[in-house]
Amino acid sequence: MTGREKIQAAFSKAGTPEIPAVICYEGIYYRDHWSQLTSAPWWSAQDPDIQRQVAWQSEAIEKTGQDWFCLPWCYAKEERDSLFIDETSAGVYLADRLTGARRRLREPFVGGWDPERSYTQPDQVTGPRSFDEIDRAVPADAPFQRGQFLASGRGDLAADMLRRFGERLFPIEYVDSPLWACHNLWGFEGLMLQLCDRPDLVRHACERLLHNRCQWVRRAAAVGVAGIWIEECFTDSISPAQFAEFNVPVVRSLAEEIRAVGMKSVYYYCGNPADRWEHLLAVGADALSLEEGKKGFTIDIEDVVARVQGRCTVLGNLDAINLLPRASEDQLRAEIARQVAAGRKNGSRFIMSIGSPVTPQTNVRRVRRYCDLVHELSAGCSTEPLPPG
């Protein structure tokens with residue numbers, strides 16, 4: 001089976017005979033391991049030239065060995081005709097032939113933290129305090145126009161990558177949930193206060209953000225994305241009742257939109273699920289993904305499967321913090337085998353994954369070995385039917 005066939009089967013009610021292997025957040029992995037993954041210079045990630053984009057991304061995909069890949073976007077054709085990378089002794093610039101504009105590019109920092117940047121959070125005082133202020137802070141995207149979008153050429157890079165990998169690998173993209181995105185309006189503390197003091201504002205903001213994410217989902221479907229990873233963070237900090245009231249309806253609507261345009265959804269809930277299992281499943285995503293046990297709580301994959309009971313696909317949560325970079329070969333093999341066995345109890349509706357992004361210290365060879373071991377341990381195995389009831 002190809003990687004794409006494995007993942008498509010994992011999303012089906014019949015399950016997959018061969019378990020697929022994936023990592024999450026490839027963009028972080030590529031940023032932190034650039035020189036191990038490609039011979040291209042670091043600024044290639046921002047290069048408007050499609051063929052150079054295809055070249056470095058193909059290198060990285062082949063060295064990783066997973067069964068899905070993130071389908072990239074690109075500049076419109078008109079922009080690509082005028083933009084170019086200009087290497088100078090003073091630095092690397094993205095330059096525009098028509099306007100003369102130049103923007104200096106900076107090499108990404110491993111780990112993503114820029115010591116020269118000032119990191120500030122919005123708060124309850126500076127964040128929006130009325131519906132009108134929310135509307136200005138979150139302008140509503142125009143309804144997506146498929147023909148106009150594709151004619152602009154913004155899907156050209158995706159089309160080239162699909163021609164190269166689309167039959168073999170499952171193309172995905174990422175989107176954050178509306179409530180999680182509200183942190184951009186009020187910050188963490190401000191959002192917690194608004195949920196109690198002005199729930200009407202939070203609800204309105206979520207509706208605006210949901211509208212925009214639905215337009216984005218339609219764009220993703222138009223370029224050939226097959227699955228959407230829905231990211232959720234910090235919402236284990238609110239009560240189960242608040243989670244059910246504010247979060248479940250908008251994420252359910254997002255999952256329904258993803259399904260309506262022919263894609264599958266993976267709901268990645270980052271946090272402790274202990275007091276809201278049924279709420280997580282009520283979202284109605286095609287798959288549920290959880291982080292590894294950390295931060296003072298445990299999430300065991302066997303317990304996840306026992307609670308899901310085949311109602312959706314489950315993603316593995318192999319420990320990316322300690323086990324993946326530090327375990328012996330035998331330990332890594334044993335944990336993969338344990339998680340695959342748990343996935344078989346979910347009717348083989350299972351995708352082997354890691355609970356968090358690959359850490360900067362994890363060698364690229366180890367990530368490839370993880371993927372190869374998954375393929376080796378699950379190849380040719382028959383699916384295990386779910387128990388009656």
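The set of residues in the range 276-304 being assigned to a loop (DSSP other than H, G, I, E, B) and either modelled with pLDDT under 95 or farther than 20 Å from Gln242 by Cα (or both) consists of Asp286, Glu291, Glu292, Gly293, Lys295, Gly296, Thr298, Ile299, Asp300. Counting only residues that are closer than 30 Å to Glu376 by Cα and touching a helix residue (DSSP H, G or I) at 6+ places or on another chain (Cβ under 6 Å), the range 45-63 holds 4 of them. Candidates Cys74, Cys24: the one that is surrounded by 18 or more Cβ atoms within 10 Å (Cβ to Cβ), in contact with a Ser or Thr (Cβ under 8 Å, 6 or more places away or on another chain) and at pLDDT 95 or above is Cys24. Within the range 191-240, which residues are surrounded by fewer than 20 Cβ atoms within 10 Å (Cβ to Cβ), part of a helix (DSSP H, G or I) and in contact with a Cys (Cβ under 9 Å, 6 or more places away or on another chain)? Result: Asp236, single match. Each residue in the range 343-359 was checked for being out of contact with any strand residue (DSSP E or B) (no Cβ under 7 Å at 6 or more places or on another chain) and among the polar types (S, T, N, Q), and 3 of them qualify. Has the range 162-179 got at least one residue that is within 17 Å of Asp236 (Cα to Cα), assigned to a helix (DSSP H, G or I) and either free of Cβ contacts under 8 Å to residues at least 40 places away in the same chain or touching a helix residue (DSSP H, G or I) at 6+ places or on another chain (Cβ under 8 Å) (or both)? Looking through the range 162-179, at least one residue is within 17 Å of Asp236 (Cα to Cα), assigned to a helix (DSSP H, G or I) and either free of Cβ contacts under 8 Å to residues at least 40 places away in the same chain or touching a helix residue (DSSP H, G or I) at 6+ places or on another chain (Cβ under 8 Å) (or both). Within the range 120-160, if we keep just the residues that are surrounded by fewer than 12 Cβ atoms within 10 Å (Cβ to Cβ) and either among the acidic types (Asp, Glu) or at pLDDT below 95 (or both), the residue that is farthest from Arg218 (Cα to Cα) turns out to be Val125. Taking the stated definitions as given, is Ala260 buried (at least 21 other Cβ atoms within 10 Å of the Cβ) and either on the phi < 0 side of the Ramachandran plot or of a type in the set (Gly, Ala, Ser) (or both)? Criteria not met by Ala260. When you look at Arg333, is it basic (Lys, Arg), surrounded by fewer than 19 Cβ atoms within 10 Å (Cβ to Cβ) and either in contact with a helix residue (DSSP H, G or I) (Cβ under 7 Å, 6 or more places away or on another chain) or within 21 Å of Glu26 (Cβ to Cβ) (or both), yes or no? Criteria met by Arg333. Taking the listed residues Arg31, Arg102, Arg97, Arg4, the one that is within 30 Å of Cys312 (Cβ to Cβ), out of contact with any Gly (no Cβ under 6 Å at 6 or more places or on another chain) and of a type in the set (Lys, Arg) is Arg4, with no other qualifying.
Here Ile7 meets each of (1) part of a helix (DSSP H, G or I); (2) surrounded by fewer than 20 Cβ atoms within 10 Å (Cβ to Cβ) with one exception, condition (2).
Consider the range 64-74 and keep the residues that are touching a Lys or Arg at 6+ places or on another chain (Cβ under 7 Å) and of a type outside the set (Val, Ile, Thr). The one that is farthest from Ser152 (Cα to Cα) is Gly65. Across the range 167-190, which residue is surrounded by the most Cβ atoms within 10 Å (Cβ to Cβ) among those that are of a type in the set (Phe, Trp, Tyr) and within 30 Å of Gly227 (Cβ to Cβ)? Per the stated criteria, the residue is Phe170. The set of residues in the range 272-291 that are in contact with a strand residue (DSSP E or B) (Cβ under 7 Å, 6 or more places away or on another chain) and of a type outside the set (A, V, I, L, M) comprises Asn272, Pro273, Asp286, Ser289, Glu291. Gly100 meets all of the listed conditions (1) assigned to a loop (DSSP other than H, G, I, E, B); (2) under 27 Å from the mean Cα position of the chain (by Cα) but one, namely (2). Taken over the range 276-322, the criterion of being among the charged types (D, E, K, R) and either surrounded by fewer than 19 Cβ atoms within 10 Å (Cβ to Cβ) or under 24 Å from Lys6 (Cβ atoms) (or both) is satisfied by Glu278, Asp286, Glu291, Glu292, Lys294, Lys295, Asp300, Glu302, Asp303, Arg307, Arg311, Asp319. Candidates in the range 62-103 are the residues that are in contact with a strand residue (DSSP E or B) (Cβ under 7 Å, 6 or more places away or on another chain) and of a type in the set (Ser, Thr, Tyr); of these, the one that is farthest from Trp34 (Cα to Cα) is Ser82.
The values are calculated or read from the model by the stated rules, or taken from the named source; none is laboratory data. Note that the coordinates shown come from a computational prediction; the quantities given were computed from them, not determined experimentally. As a convention, Cβ positions derive from the backbone with ideal geometry for all residues, glycine included, and neighbour counts pool all protein chains shown.
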